[in-house]
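The values are calculated or read from the model by the stated rules, or taken from the named source; none is laboratory data. The model shown is predicted, which means the values in this text are computed figures rather than measured ones. So basically every Cβ, Gly included, is an ideal-geometry build from the backbone, and we count neighbours across all protein chains shown. Just the protein is used for accessible areas: all its heavy atoms, side chains included, with ligands, DNA and RNA removed. Shrake-Rupley method; radii C 1.70, N 1.55, O 1.52, S 1.80 Å.
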Amino acid sequence: MSPPLPAFLLLISIAFTSASVVPLQPGFYAKTCPEAEFIVKDVMRRNMIREPRSAASVMRFQFHDCFVNGCDASMLLDDTPNMLGEKLSLSNIDSLRSYEVIDEIKEELERVCPGTVSCADIIIMASRDAVVLSGGPDWEVKLGREDSLTASQEDANNIMPSPRANASLLMELFEGYNLSVKDMVALSGSHSIGQARCFSIVFRLYNQSGSGKPDPTIEPRYKEKLNRLCPLGGDENVTGDLDATPTMFDNRYFKDLVAGRGFLNSDQTLYTFPETRKYVALFSKDQRTFFNAFVEGMIKMGDLQSGRPGEIRSNCRMVNSRPVNALLES
């Protein structure tokens, strides 16, 4: 008899079983909204000028959306009296930001092509453009997704990993989506840009695994820097750079992991675990190989769908108003 699946893998199995998925294809809006991809990229560019951190925030939307019941923009829904959405889930609260960027993109698209471009596709396009505009690789995205009719804070809490996670847990999680170890390490390279809070690392600095001691894998001079940034009892909302080039999408993240200068525990363990170490070493030496693997992983992650009924929202923060007869039939 097979051992029971961990809770998060059971959720994944249920969510993606017997799914009637929507076919995705490049150029999906070529006839219905030919300016769609240009508009998304233009709004992303303007927002990155105003607030450089928006690039990292928006790029990570794809991961946070697609891993919780597929790429359906469920993470963008605000809470309602009858639904606790994903924005206040453990992995998103005080972490994800820049929702207003998606709002701005949607507003411009609705003016040009009302009721045509889904919020789920906006996340996919905007995530790609955040990478490109930060100096990373470009790729053709597959489009044609629908937006979910609901969201689940509980599912997000049960599925999304903590910054305290290690490489073993991450491998298990990604395997549930048919993403390989190489995919997982490459997609972790999204931390090539952006910042994270001291809240996510104080345990590494002062009480790793309940030892009362710091994580021994942290390079000593880097640990001194982190101690100054995140003193014990200090403000845990202070942020630090995830790698040494936090606004440039490159392979510096992997070079830092090799040097013991990973900010998050979940990142540094990629170099301490044998199964993932070889890919960290490879990507640290060959940026082109990293870029190619990252693109492959993003495309595969973008294919995740639950097959649940959907719609094209007019406002990414809420489902469309439905006729009374439709409500009675649901």
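Just a few scattered comments:
- Heavy-atom accessible surface of the chain: percent carbon and sulfur, 1.4 Å: 54
- Checking (i) 63, 50, 37; (ii) 89, 43, 38; (iii) 51, 49, 36 against Cα extents along the principal axes in Å calculated from these atoms, the matching label is (i).
- Amide H contacts under 5 Å for SER180: none, restricted to partners 5 or more places along the chain or on a different chain, H placed in the peptide plane at 1.01 Å from N.
- Among the cysteines of the chain, each one has another cysteine beta carbon less than 4.7 Å from its own.
- Packing-based ranking of 182-195, 127-140, 239-252, 222-235 yields 182-195, 127-140, 239-252, 222-235, ordered from highest to lowest mean Cβ neighbour count within 10 Å.
- Helical segments meeting 15 Å axial Cα length and Kyte-Doolittle -1.0 threshold in the chain (DSSP H): 36-50, 99-112, 119-133, 274-285, 287-302
- One chain, two ends: MET248 and GLU104. Fully extended at 0.36 nm per residue, the span grows by 49.5 nm beyond their Cα-Cα distance.
- Probing with 1.4 Å while keeping every protein chain in the model, the per residue accessible area of segment 84-192 equals 36 Å².
- Descending by average beta-carbon neighbour count within 10 Å, the peptides 96-104, 81-89 line up as 96-104, 81-89, the highest first.
- Spin-label model distance (nm) - PHE38 vs LEU169, 7 Å beyond Cα toward Cβ: 4.6
- Out of every Cα-Cα pair that segment 171-259 contains, those further apart than 22 angstrom amount to 37 percent.
- Over segment 8-156, Cα pairs under 8 Å with separation of 6+ residues give a relative contact order of 38 percent.
- For segment 234-330, the solvent-accessible area works out to 50 Å² per residue, with a probe of 1.4 Å and every protein chain left in place.
- The chain: relative contact order as a whole-number percent, Cα under 8 Å and 6+ apart: 26
- Close Lys pairs in the chain (alpha-carbon distance under 13 Å; sequence gap of 8 or more, or different chains): 7.
- Whole-Hz couplings from phi, Karplus 6.51/-1.76/1.60, listed for segment 26-34; x for Gly and Pro: x, x, 4, 9, 4, 9, 7, 7, x
- Alpha-carbon spread of segment 164-312, three principal axes, descending order, Å: 47, 37, 29
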